[in-house]
Ligand code: PMP
């Protein structure tokens with residue numbers, strides 16, 4: 001093959017920087033989350049507890065969700081059969097969009113095949129509709145937002161993470177009559193901090209800017225009905241476009257945006273990432289619909305309460321053990337390691353010696369020097385599992401000569 005060397009060189013450079021990713025092959029059994037088995041190439045299997053799943057509430061194993069999916073696959077089959085426009089729309093897609101709009105108190109919603117695509121497609125398309133728009137983007141925004149903004153070739157400004165004063169100074173520097181859009185997240189997935197949503201909305205009002213929020217790490221998890229932090233803080237009506245995923249709190253797969261009918265209809269009509277791809281499988285839409293509906297009820301409230309309790313308990317246990325817990329206001333529980341090799345060594349030893357699976361988080365996912373282990377306790381993680389985790393961490397921490405908090 002021509003140019004093979006270039007591919008090998010690219011790989012070698014990733015490997016030399018310790019950024020080469022090795023996937024753990026997990027075998028799971030219905031109803032046993034977070035227990036799973038890691039499968040190795042030599043055929044060996046090892047029982048593990050998964051500590052880094054983004055199926056935050058375990059809805060991917062929920063019996064009602066699975067039953068809903070079985071019903072859909074039995075009646076609708078496997079694939080969707082086409083793009084939304086060409087035979088790929090089913091009642092599950094239509095009902096799911098209605099449910100999502102209602103969940104966020106918006107007029108309309110649009111489904112995408114993933115949260116990544118929803119951000120990328122929407123943000124790049126907005127700039128076609130508003131060619132003079134200036135997009136203000138939080139420095140820690142997810143790659144999918146950054147890619148969408150880059151592709152749009154509109155003017156963009158990056159404001160320091162959660163720094164409203166910096167955002168204000170950037171806006172003030174731009175022409176008052178230019179259309180503006182502020183793109184940010186509610187819960188930031190690597191640090192577990194929350195955006196100052198109300199202050200950003202106030203600023204948007206003052207300068208006539210549109211607001212776009214990614215609630216990927218919050219939908220299903222916060223608010224009376226799982227509508228995210230914007231629901232919890234009664235701010236959804238102040239956001240023009242709320243974007244979310246069906247893959248984390250809701251436990252299935254897919255992404256979406258919600259907002260005013262004209263906005264959603266324009267994106268539906270113009271976004272290549274929506275128009276030119278096969279629509280979500282009906283079975284996924286059915287699973288997501290069941291999951292969302294369940295999480296809007298008392299069952300959901302109970303799960304959210306247990307989820308928060310699990311996160312609080314794990315944080316407390318880390319603190320009590322003087323492990324370097326990073327400040328987090330949410331369900332995300334990061335431990336700072338601050339060294340890529342040790343981070344990987346910690347993760348490897350946890351897995352191989354203790355049957356504890358947590359993926360190391362290294363550059364470029366987080367800045368160099370802030371490498372970490374990111375734990376996501378679910379309502380199904382027991383206190384016993386937490387105690388085993390803490391004692392394993394303490395043993396390896398000492399072995400690697402890592403510092404503890406004082
Ligand atoms: N936004 C954020 C903040 C994310 O962390 C992610 C994925 N981890 C996405 C969007 C993409 O969502 P999905 O996994 O549904 O593609």
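The values are calculated or read from the model by the stated rules, or taken from the named source; none is laboratory data. What you see is a predicted model, and the numbers here were worked out from it, not measured in a lab. Because the Cβ atoms are built from the backbone with ideal geometry, glycine has one as well, and the counts that use them run over all protein chains shown.
Residue-by-condition table, conditions (1) within 23 Å of the chain's Cα centre (by Cα); (2) in a loop (DSSP other than H, G, I, E, B); (3) modelled with pLDDT under 95:
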position: 365; (1), (2), (3): yes, yes, yes
position: 368; (1), (2), (3): yes, yes, yes
position: 373; (1), (2), (3): yes, no, no
position: 389; (1), (2), (3): no, no, no
position: 397; (1), (2), (3): no, no, yes
position: 403; (1), (2), (3): no, yes, yes
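Table: residues versus (1) away from the ligand (no atom under 12 Å from the Cβ); (2) free of Cβ contacts under 8 Å to residues at least 40 places away in the same chain; (3) touching a strand residue (DSSP E or B) at 6+ places or on another chain (Cβ under 6 Å).
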site: 221; (1), (2), (3): yes, no, no
site: 239; (1), (2), (3): yes, no, yes
site: 248; (1), (2), (3): no, no, no
site: 265; (1), (2), (3): yes, no, no
Next on the checklist: I need the full set of residues from the range 144-170 which are under 21 Å from residue 199 (Cα atoms), touching a residue at least 12 places away in the same chain (Cβ under 8 Å) and away from the ligand (no atom under 15 Å from the Cβ), in order please.
Outcome noted: 156, 157, 158, 159, 160, 164, 167, 168, 170
Next on the checklist: Out of 149, 213, I need the residue that is surrounded by 21 or more Cβ atoms within 10 Å (Cβ to Cβ) and closer than 23 Å to residue 250 by Cβ. Which one?
Outcome noted: 213
Item to check | Exclusive hit being over 30 Å from residue 365 (Cα atoms), more than 23 Å from the chain's Cα centre (by Cα) and part of a helix (DSSP H, G or I), set 81, 88, 68 | outcome: 68
Checklist entry - When you look at residue 258, is it more than 13 Å from the ligand (Cβ to nearest atom), in contact (Cβ under 8 Å) with a residue 40 or more places away in the chain and more than 12 Å from the chain's Cα centre (by Cα), yes or no? => result yes
Checklist outcome for this item: Note on the range 134-143: residues free of Cβ contacts under 8 Å to residues at least 60 places away in the same chain and either near the ligand (Cβ under 10 Å from one of its atoms) or touching a helix residue (DSSP H, G or I) at 6+ places or on another chain (Cβ under 7 Å) (or both) are 135, 137, 140, 143
Item to check | Matching residues, the range 269-287, being in a helix (DSSP H, G or I) and in contact with a helix residue (DSSP H, G or I) (Cβ under 6 Å, 6 or more places away or on another chain) | outcome: 270, 273, 274, 282, 283, 285, 286, 287
Checklist entry - In the set 106, 98, which member is closer than 18 Å to residue 243 by Cα, out of contact with any helix residue (DSSP H, G or I) (no Cβ under 8 Å at 6 or more places or on another chain) and away from the ligand (no atom under 16 Å from the Cβ)? => result 98
Checklist entry - Could you count how many residues in the range 200-248 are more than 16 Å from residue 329 (Cβ to Cβ) and out of contact with any helix residue (DSSP H, G or I) (no Cβ under 9 Å at 6 or more places or on another chain)? => result 2
Checklist entry - Taking the range 35-67 as the region of interest, how many residues are within 18 Å of residue 353 (Cα to Cα), out of contact with any helix residue (DSSP H, G or I) (no Cβ under 6 Å at 6 or more places or on another chain) and crowded, with 19+ Cβ neighbours inside 10 Å? => result 4
Next on the checklist: Among the residues of the range 118-131, what is the count of those that are over 17 Å from residue 213 (Cβ atoms), in contact with a strand residue (DSSP E or B) (Cβ under 8 Å, 6 or more places away or on another chain) and either in a helix (DSSP H, G or I) or at pLDDT below 95 (or both)?
Outcome noted: 1
Checklist outcome for this item: Of the listed residues (106, 98), the one being in a helix (DSSP H, G or I), at pLDDT 95 or above and over 18 Å from residue 359 (Cβ atoms) is 98
Checklist entry - Within the range 187-196, can one find any residue that is assigned to a strand (DSSP E or B), touching a residue at least 40 places away in the same chain (Cβ under 8 Å) and in contact with a strand residue (DSSP E or B) (Cβ under 7 Å, 6 or more places away or on another chain)? => result yes
Checklist outcome for this item: Selection from the range 29-46 of residues part of a strand (DSSP E or B) and within 26 Å of the chain's Cα centre (by Cα) yields 35, 36, 37, 38, 39
Item to check | Residues located in the range 343-358, provided they are in a helix (DSSP H, G or I) and under 12 Å from residue 373 (Cα atoms) | outcome: 343, 344, 345, 346, 347, 348, 350
